[in-house]
Every structure is written in structure tokens, then in C-alpha cells.
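Report on the following structure.
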Amino acid sequence: MLTAEVLTLFPQMIWSALGESILARARDKGLLDIDVTDIRDFAHDRHRVCDDSPYGGGAGMVMKPEPLSEAIEVAKARRPDAPVILMGPRGRCFEQSIARALQAKGRFILVCGHYEGVDERVRTLVDDEISLGDFVLTGGELAALCIIDAVTRLEPGVLGNSASTCHESFEEGLLEHPHYTRPPVFRDERVPPILLSGDHARIARWRRAQSLRVTRERRPDLFSKLTLTKADLALLSEADSEEEGGEGDIQ
């Protein structure tokens, strides 16, 4: 079972997502145990103020060190082995390998920054910092939910099909192949005939070829890191030929 805690100024943002879809089912099955802590509960004044203007001037506000530090310390006391992860732009970019590492660890504490950021002195209590990418969010709640979702779906028993997580985008450094479902013809576009053939070996080859092709086209940065086998190169060549011919049917 995964155990996690989210420290936030806006608990309802987290609870709303936890009550829906796969995350809700994971909690119902006892596969995800999560607490959401309101940082304002640790504020030192009756107005529950958790931010103040920055020293040195400038726009925006900064999260005060006292309530946030105390919230982190209480969370660490509850989960002494859980890494404390701050959501922030300085962090390493989140990717599937980090999700797998957190799932293997089994526990983590996510700290949601807000405003212009957190007082620098809070960082002594933080073990790691993670960013979703090179863009700015209003707060860390959405980033925390992305991490919770990505990690939870790796927990055995959460997804209906245990093989689902083994053949997804990024698991092998590749994007996923195209997917199709009923009907076989939609607005004059047909499902590739190979997917209707029942020949699982040929289907597997087609899917591998398409994953290679899509990754090369959409994410050349990922493709450049791959170590391609002779079989992969042959599949790519076949896929390119079939694409030019308009059939898309790897033999």
C-alpha cells in the first residue's frame, strides 16, 4: 500500500481529485492511504496568515517559514522514512523513472508551494524538489496530483490489467503506438488491417515499429537516447516504406 501526505494551503483541491476515478478506487481498495494537511493549521495568528512580503522588495508574496516548517516536521514524525518533496521550478523534471522509484519506496510527503515560493530556510527540511516542466503554475497542488496519479497507477492492483503499465509511453524510452477501437471504419478512416488479423506476432511487430516511428517524429530528444537493434532499424525502414505506400501494415 502506498502512503502519502500532501501539505497545502488549499486542501479541497487535493481532496476533489482523490474522490474521482482511479485514485478513488485505489483508496477504496486500501491501496492508497493519503492524508491532506492544511498548512494554515500551523499559522501563529488568529487570521491563519501563511505568507508575507519578500525582504528586499518585489512583487508577490512568500510563504512564511514558521507554519510550513512545523507542518513538515509533524508530517515527518508521522512518516519518518518518507522523503519530503517540494513542488517547485528548481527541481528535477518529473519522469516515469521517478514515479517508479517513489512507488518502490512506498511513501512520500509532497509540499505544495504557492505565491512567489517558499522562504529559503524551509529547504533544509526538504529532501528533493520536483518540477513538472519549464512552465509556471499558480501553486504546487496540480503538480502534486500529477505525481500522486503517476505513482498510484503503478501500485499492483490499482489498474484492472496488470500489464497496462508495462507497455505505456516512456516505460522503454518510447512513446506508445497508435490505438484503435470500434468501429472499424470512422469517417472513411479504417483501422489498420493488421490489427484485425488476429496474428499477435505481426501485431507486436507493427506496434513496435509504430512506437519507434512516433517517438522519432514527436520526441526526437527521446529517440536520440535509444540504443536501436538491427531488428528495430529494419522495423523502422519497413514502417517508413509502408507509410509512403499508405498501407501501414508491417509484415
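The values are calculated or read from the model by the stated rules, or taken from the named source; none is laboratory data. Since the structure is predicted, the reported quantities are computational estimates derived from the model, not experimental observations. Here the Cβ is made from the backbone with ideal geometry for all residues, glycine too, and neighbour counts use every protein chain on show.
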Counting only residues that are touching a residue at least 60 places away in the same chain (Cβ under 8 Å), crowded, with 16+ Cβ neighbours inside 10 Å and outside any loop (DSSP other than H, G, I, E, B), how many does the stretch 57-86 have? 5
Does residue 19 count as more than 21 Å from residue 126 (Cα to Cα) and either basic (Lys, Arg) or modelled with pLDDT of 95 or more (or both)? yes
Return the residues of the stretch 24-35 that are closer than 20 Å to residue 85 by Cα and either buried (at least 19 other Cβ atoms within 10 Å of the Cβ) or acidic (Asp, Glu) (or both); say none if nothing qualifies. 32, 33, 35
Take the residues of the stretch 87-123 that are part of a strand (DSSP E or B) and over 18 Å from the mean Cα position of the chain (by Cα): which is surrounded by the fewest Cβ atoms within 10 Å (Cβ to Cβ)? 114
Counting only residues that are touching a Leu at 6+ places or on another chain (Cβ under 8 Å) and assigned to a loop (DSSP other than H, G, I, E, B), how many does the stretch 133-144 have? 1
Checked pairs for the stretch 15-26, first assigned by TED's automatic domain parsing to the domain that holds residue 145 and closer than 18 Å to residue 5 by Cβ, second in a loop (DSSP other than H, G, I, E, B) and not aliphatic (A, V, I, L, M), C-beta under 9 Å and 6 or more apart or across chains, list as 23/153; 26/153; 26/155; 26/157
